[in-house]
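The values are calculated or read from the model by the stated rules, or taken from the named source; none is laboratory data. Worth saying up front: this structure is predicted, and the values here are computed from it rather than measured. All Cβ positions, even for glycine, are placed from backbone atoms using ideal geometry, and neighbour counts span all protein chains on display. The protein model used for the area step is the full one, side chains on, heavy atoms only, and it has no ligands, DNA or RNA in it. Shrake-Rupley method; radii C 1.70, N 1.55, O 1.52, S 1.80 Å.
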Amino acid sequence: YTRLLAAKLLSMGHQCSILALMDKFVECEIYGFVTEEEVEIDFLRLPFKNGHLNNATVAKKWVDDKNPDCISLQFVPFAYNIKGLPFGIAESIKKIICGRKLHIMFHEMWMGISKISPFKHKIIGFFQIRIAKKIIELNKPVYITTTNKLYSLVLERESIKSDIIPLFSNINKNTYNRKYYISKLEEFNISIDERSKWIFIGIFGSLYPEINIQAEIEFHLEKLDSKNLNLAFISIGRIGVYGLKEFARLKTLFGERVKFILVGEVSEKEASLITQTLDIAVSCTPAQHIAKSGAFAFLKLHEIPTRLISKEILPEYEMETVEWYKYFVNRPQYDWNVSTVAKAFSQQLMEKISGVND
């Protein structure tokens, strides 16, 4: 997300660099450049194990050298602490930005946002709220955003005003490749001539115990039996330990009635091309959280009809979010592209930085 957004902002003529304050994938400080969308992005990655207090000192010097007009904080509580409780992060951010203008994007909320949330989540959320408020109190952001109506309402309940900048697909749509399409069908042991007799259903990422995939498969089988069509269920990406066991169980349960295909991890280009073989997809993300799902945005960009099969609800937010979600899921294909979001973001951020519409 951050690389694509930065690359698009750079291509629009802005200067942009990326700082990973707490990077779990490096063991030492790494300065360098990464290429995204044929654009070179300057970055600094600081190791998670050093803690944000130590990393803030290194980050401050790097930021001072860049001297940006604004710092955009992409905030996820668990990115800064394994337990989602990054105490002291507000002070570290203050040290880094050193009086510069700040934007905060809340990608995730605190835990326990509903009255039906588990008690443990409410306790953790109690402290996460205070951490978020401390960041705002100490650093006085000029602009606060989030990705969806639910999170905007959650922020509003804590007297935090935010605008919504919807999510975009983390993977661009590649041009349809018939040669690849035929070769992939051959891997699935289905010829191009037989393809019309099959319905391909895709699932992306992890499969969780609370998701009843068996019921979803039975639903589609019931519809297809009368049409004399076959069903293939395709997993793309990391399905997880539970997902592997469930796939094996379902394969035994349904026998030859359903073809189960584990694609696994693939490149971004291949993910796009495989997706173009699908007729439909299922999302395991609860409907009220769907706007934070990069996988859902990816499917919408690829114009794949997607069923939301999680039944979880948040009663106190359901009525207030329903109209926004109708708009959200029906956005035209282009609106799921990083270009649309980056243009809106840059325009709104520049207005805030310059003091327009304050």
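Ignoring ligands, DNA and RNA, please state the percent of accessible area on the chain from carbon and sulfur, probe 1.4 Å. Please list the in-between numbers first.
Values: 9820 of 18560 Å².
It is 53 percent, rounded to a whole number.
Rounded, prolate or oblate: pick one for segment 194-308, where a ≥ b ≥ c are the square roots of the eigenvalues of its C-alpha gyration tensor, a/c under 1.5 means rounded, and failing that, prolate if a/b is larger than b/c, else oblate.
Working: a/c = 1.44, a/b = 1.23, b/c = 1.17.
In terms of gyration-tensor shape, rounded.
What dipole magnitude, in Debye to the nearest 20, does segment 95-248 give about its Cα centre under +1 on Lys/Arg Cβ and -1 on Asp/Glu Cβ? Could the numbers behind the result be given before it?
Numbers: 23 positive and 15 negative charges, 215 e Å.
Using only the charged Cβ atoms, the result is roughly 1040 debye.
Are there any GluC sites (Glu not before Pro) in segment 36-113 that are in a DSSP loop and have at most 10 other Cβ atoms within 10 Å? List them by number. Intermediate results must be reported in sequence, preceding the final value.
Values: sites: Glu36, Glu37, Glu38, Glu40, Glu91, Glu108; in loops: Glu37, Glu38, Glu108.
Answer by residue number: Glu38.
Enumerate by residue number the GluC sites (Glu not before Pro) in segment 189-259 meeting two conditions: DSSP loop (anything except H, G, I, E, B), and at most 14 other Cβ atoms within 10 Å of the site's Cβ. Spell out each step's value before the answer.
Working: sites: Glu194, Glu210, Glu216, Glu218, Glu222, Glu246, Glu256; in loops: Glu194, Glu210.
Hits after loop and neighbour filter: Glu194, Glu210.
With every protein chain left in place and a probe of 1.4 Å, what is the accessible surface of Met109, to the nearest 10 Å²?
20 Å²
Looking only at Ser226, Ser235, Ser183, which one moves most when the chain is put into a Gaussian network model with springs between Cα atoms under 10 Å?
Maximum among the listed residues: Ser226.
Among Ile93, Ile71, Ile217, whose mean-square fluctuation peaks in a Gaussian network model of the chain (Cα, cutoff 10 Å)?
Ile217
Rounded to the nearest 20 Debye, what is the dipole magnitude of the chain about its Cα centre when Lys and Arg each give +1 and Asp and Glu each give -1 at the C-beta? Write down the numbers at each step before the final one.
Values: 46 positive and 41 negative charges, 137 e Å.
Dipole about the Cα centre, nearest 20: 660 debye.
First check a/c for segment 169-229, with a ≥ b ≥ c the square roots of the eigenvalues of its C-alpha gyration tensor; if it is under 1.5, answer rounded, and if not, answer prolate when a/b is larger than b/c or oblate otherwise.
Numbers: a/c = 2.47, a/b = 1.17, b/c = 2.12.
In terms of gyration-tensor shape, oblate.
From the residues Ser11, Tyr180, Ile113, which one has its Cα farthest along the dipole of the chain in the positive direction, the dipole being from +1 and -1 charges on Cβ of Lys/Arg and Asp/Glu about the Cα centre?
Highest projection toward the positive end goes to Ile113.
Once the whole set of protein chains is in place, how much accessible area is left on Arg178, using a 1.4 Å probe, in Å² to the nearest 10?
130 Å²
Of Val329, Val63, Val26, which is the most mobile in a GNM of the chain whose springs link Cα atoms less than 10 angstrom apart?
Among Val329, Val63, Val26, the largest GNM mean-square fluctuation belongs to Val26.
Once you sort the root eigenvalues of the Cα gyration tensor of segment 18-113 as a ≥ b ≥ c, which label holds: rounded (a/c under 1.5), prolate (a/b larger than b/c) or oblate (the other case)?
Rounded is the answer for segment 18-113, as its axis ratio a/c remains below 1.5.
Using only the alpha-carbon atoms, how far is helix 213-225 inclined from the longest principal axis of the chain? Give it as 0 to 90 degrees, nearest 10.
That helix lies at roughly 40 degrees to the long axis.
With every protein chain present, what accessible area does Cys98 have (1.4 Å probe, heavy atoms only), rounded to the nearest 10 Å²?
70 Å²
Express in nm, to one decimal, how much length is gained between Val322 and Glu40 on full extension, taking 0.36 nm for each residue of separation and deducting their alpha carbon distance. Present the calculation step by step, with values, prior to reporting the outcome.
On the way: separation 282, 0.36 × 282 = 101.52 nm, distance 4.02 nm.
Stretched out fully, the Val322 to Glu40 stretch lengthens by 97.5 nm.
Rg to Rh ratio, segment 81-179, alpha-carbon atoms and Kirkwood radius? Could the numbers behind the result be given before it?
Details: Rg = 16.7 Å, Rh = 15.3 Å.
Rounded to two decimals, Rg over Rh is 1.09.
Past 32 Å, Cα to Cα: identify those pairs from Lys94/Lys326; Lys24/Lys120; Lys60/Lys115; Lys60/Lys122; Lys8/Lys326; Lys94/Lys343, in the order given.
Numbers: Lys94/Lys326 38 Å; Lys24/Lys120 26 Å; Lys60/Lys115 40 Å; Lys60/Lys122 34 Å; Lys8/Lys326 28 Å; Lys94/Lys343 28 Å.
Pairs exceeding 32 Å: Lys94/Lys326; Lys60/Lys115; Lys60/Lys122.
Would you work out which of Ile144, Phe204, Ala297 lies farthest towards the positive end of the dipole of the chain? Charges go on Cβ: Lys and Arg +1, Asp and Glu -1.
Ile144
Which value, in debye to the nearest 20, gives the size of the charge dipole of segment 69-149 about its Cα centre, when Lys and Arg are +1 and Asp and Glu are -1 at the Cβ? Don't skip to the answer; put the middle values down first.
Details: 13 positive and 4 negative charges, 48 e Å.
It works out to roughly 220 debye.
Of the options Ile192, Ala79, Phe33, report the single residue whose Cα projects farthest towards the positive end of the charge dipole of the chain (beta-carbon charges: Lys, Arg +1; Asp, Glu -1).
Ala79
Using the heavy atoms of the protein chains alone and a 1.4 angstrom probe, what is the accessible area of the chain per residue in square angstrom?
52 Å²
Treating cross-link reach as a plain straight distance, find the aspartates and glutamates whose alpha-carbon is under 14 Å from the alpha-carbon of Lys66, omitting any fewer than eight places away in the same chain.
Answer for Lys66, where 14 Å is the Cα cut-off: Asp42, listed by chain and number.
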